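Asks: Dropping the structure in here first, questions after.
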Amino acid sequence: MTSLPFKIMTIPSPCLVALLVFFSAPVRAELQAPSLWLNAGFYSAHFDSGKGLRNANPGIGLEVRIDETWSATAGRFINSDNAHSNYLGAYYQPWTFQGVKLGVVGGVFNGYPRAFNGGWFPAVIPTATLEKGRWGLNVALVPPLKDRLYGALSFQLKFRFQD
């Protein structure tokens, strides 16, 4: 068996899902015109600020608004422990208060060294979302999980590709 003259790049599964969503959006746009958002990670204001955690969590992610209540999301970022994390999930936000969508995001995450040996784990997190024009902001209340995950108020700025 001969080896290839180049290295084949592996893409983490949440990123692959995000790419598929991104490239299939123009096809679905004719049917229902979903909103496609790009985000650059998170800023996390940790409740336990004395632990030396990383507040700026840069990364890249996509969010597709399916309808007024549901969105799908996937991405990759550098977490508060300075490790790479991936996520794949769905927002369910059935309530609106003064233009702010309220609900939860549920999904799976990985990459936290003290949580499940860095492996995948499920989470449901309360969220609020404000969207105006091409800009939006997701705010999540991340609860602490003993000494595995640290609680924070997390902010995610996002940009919409289409109006």
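Asks: How far apart, in nm, are the 7 Å Cα→Cβ label points at Ser49 and Trp70?
Replies: Result: 4.0 nm between the two label points.
Asks: In addition: The range 80-138: which trypsin sites (Lys or Arg not before Pro) are DSSP loop and have at most 12 other beta-carbon atoms within 10 angstrom?
Replies: none
Asks: Take each of the peptides 106-113, 36-43, 144-151, average the number of other beta-carbon atoms within 10 Å over its residues, and list them starting from the highest.
Replies: Going by the mean number of other Cβ atoms within 10 Å, highest first, we get 36-43, 106-113, 144-151.
Asks: Take Val100 and Trp135, extend 7 Å from each Cα along the Cα→Cβ direction, and tell me the distance between the two endpoints in nm.
Replies: About 1.7 nm, to one decimal.
Asks: Ok, one more. Under unit Cβ charges (Lys, Arg +1; Asp, Glu -1), what dipole magnitude, rounded to 20 debye, does the range 13-160 have relative to its Cα centre?
Replies: On the way: 13 positive and 8 negative charges, 44 e Å.
For the range 13-160, the charge dipole is close to 220 debye.
Asks: Could you put Tyr87, Tyr92 in order, starting from the residue whose Cβ has the fewest other Cβ atoms within 10 Å?
Replies: Tyr92, Tyr87
Asks: Now for a separate question. On a 23 Å Cα-Cα criterion, which of the cross-link pairs Lys51/Lys101; Lys101/Lys132; Lys101/Lys158 come out too long?
Replies: Lys51/Lys101
Asks: Something else about it: Can you give me the relative contact order of the range 13-160 as a percent, contacts being Cα pairs under 8 Å and 6 or more apart?
Replies: Rounded, it is 21 percent for the range 13-160.
Asks: Let me know the shape class of the range 13-160, please: from the alpha-carbon gyration tensor, a ≥ b ≥ c as square roots of the eigenvalues, rounded when a/c is under 1.5, otherwise prolate if a/b is greater than b/c, or oblate.
Replies: Prolate shape, in that a/c is at least 1.5 and a/b is the bigger ratio.
None of the figures in this text is laboratory data; all of them are computed from the coordinates on show. Here the structure is a predicted model, which is why all the values come from computation and not from measurement. All Cβ positions, glycine included, derive from the backbone under ideal geometry; neighbour counts span all protein chains shown.
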